Amino acid sequence: MSASAFDTPPESVCILRLSAIGDTCHVLPIVRTLQRAWPQTRFTWVIGRVEAKLLGHIPDIEFIVVDKGRLFDSYRSLREKMRGRHFDVLMHMQLALRASILSTAIPAKIKLGFDRRRARELQWLFTTDRIQPAQRQHVLDSLFGFAEKFHVYEKLLRWDIPIPDAAREYARKLIPDGVQTLVISPCSSHRLRNWRAEYYAQVADYAISSLGLHVVLCGGRSELEQQIGREITARMQHKCENAIGKDTLVEFLATLERATLVLTPDSGPAHMATTVGTPVIGLYAATNPARSGPYLSRQWCVDKYDVAAQRLLGKPASQLPWTTKIERPGVMDLITPDEVIRKLHSVLLSLSRRR
């Protein structure tokens, strides 16, 4: 495609990013950045079913929801929805073969994907054009490459997911006005990124007894998450609120909005908290916070990724491929409760200074 095709605003753009929760949160600032630069452009977003429960009610974006777990049915449904439509640009933002297969059902003049080096799972075969190469970027910054391809360089870090009044009322009952609260979301969907329940219990007890914080446990409805929640509360000496499995995604977002700070491993909730401006203490040993940490709270992460690289892989993190995950049994034990408690103090001190 000639360079001139990227010099003028397109009339219509389709975003293809199905999952996961954290990554779809990263996409929203790119859409908002482009909407500010191109106020007349129409935006459509093909998104996964679960992720649509969080983002699908955002106004001024058309959402097309697919079930990524049922590829054949999703392809057939998407193709039917695309009948008679044609986009100027498809921004193919997902490095997964199933997403690339779905991309063939989306008619577009330009199909823009990642550069050849980053276009894993054969994504490069499904695109006509590529963003500029870059190395060792945070996931959010890499997605801004799609805007930069069109010479849009000023980033708008705007997350404005609507929160219904009913969801805010749910959160208000969980976190009363004026009560400083630590929300602990203890589980990632990747088991080897999860911290020990007894360590969470130690931190929660300290937060209650020494810092005067209210503590709320949050999470999904899976058996693993509910089991971890029960283990944390059983090991605690003080009482906390266990809300695991009791909320919807938008109710959880409203809870994160009211929280003083959040403690979580590398997971969707770290990025959801970022969307509502709540500081995050991220627990990172299996993954690299420089690549996937909470974008506005990377200074608060407990970062043992380099230690894990040297102990388990025999080389420093700087010598590993950027996307390397060190998801090994015991890797999260490199993080100690004392390190998390020090971060608690640091975040609270920073918040106190701001006030």
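Things worth noting here:
- Single residue of segment 51-72 satisfying the filter (part of a helix (DSSP H, G or I) and modelled with pLDDT of 95 or more) that is surrounded by the fewest Cβ atoms within 10 Å (Cβ to Cβ): K53
- The set of residues from segment 16-41 being in a loop (DSSP other than H, G, I, E, B) and surrounded by fewer than 23 Cβ atoms within 10 Å (Cβ to Cβ) comprises S19, A20, W38, P39, Q40, T41.
- Residue in segment 26-35 that is under 16 Å from P162 (Cβ atoms) and either outside the structural domain of Q123 (by TED's automatic domain parsing) or without any contact (Cβ under 8 Å) to a residue 40 or more places away in the chain (or both) present: yes
- Residue in segment 255-263 that is hydroxyl-bearing (S, T, Y) and under 23 Å from K173 (Cβ atoms) present: yes
- Test: residue in segment 161-181 that is part of a strand (DSSP E or B) and either touching a residue at least 24 places away in the same chain (Cβ under 8 Å) or not assigned by TED's automatic domain parsing to the domain that holds I281 (or both): yes
- Number of the condition not met by E251 [criteria: (1) in contact with a helix residue (DSSP H, G or I) (Cβ under 6 Å, 6 or more places away or on another chain); (2) in a loop (DSSP other than H, G, I, E, B)]: (2)
- Leading residue by the ranking (farthest from the chain's Cα centre (by Cα)) among those in segment 111-141 that are β-branched (V, I, T) and more than 26 Å from L157 (Cβ to Cβ): T128
- Restricting segment 306-336 to residues that are under 11 Å from A286 (Cβ atoms), aliphatic (A, V, I, L, M) and under 24 Å from the mean Cα position of the chain (by Cα), the residue that is surrounded by the fewest Cβ atoms within 10 Å (Cβ to Cβ): L334
- Residue check for L16: touching a Lys or Arg at 6+ places or on another chain (Cβ under 6 Å), closer than 16 Å to Q94 by Cα and aliphatic (A, V, I, L, M): no
- Of all residues in segment 39-57, none are among the small types (G, A, S), more than 24 Å from the chain's Cα centre (by Cα) and in the same structural domain as T128 (by TED's automatic domain parsing).
- Unique residue being among the hydroxyl-bearing types (S, T, Y), within 20 Å of K111 (Cβ to Cβ) and outside any loop (DSSP other than H, G, I, E, B) when the list is T44, T8: T44
The values are calculated or read from the model by the stated rules, or taken from the named source; none is laboratory data. Keep in mind the model is a prediction, meaning the values are calculated, not measured. FYI the Cβ positions are ideal-geometry reconstructions off the backbone, even for glycines, and counts take in every protein chain you see.
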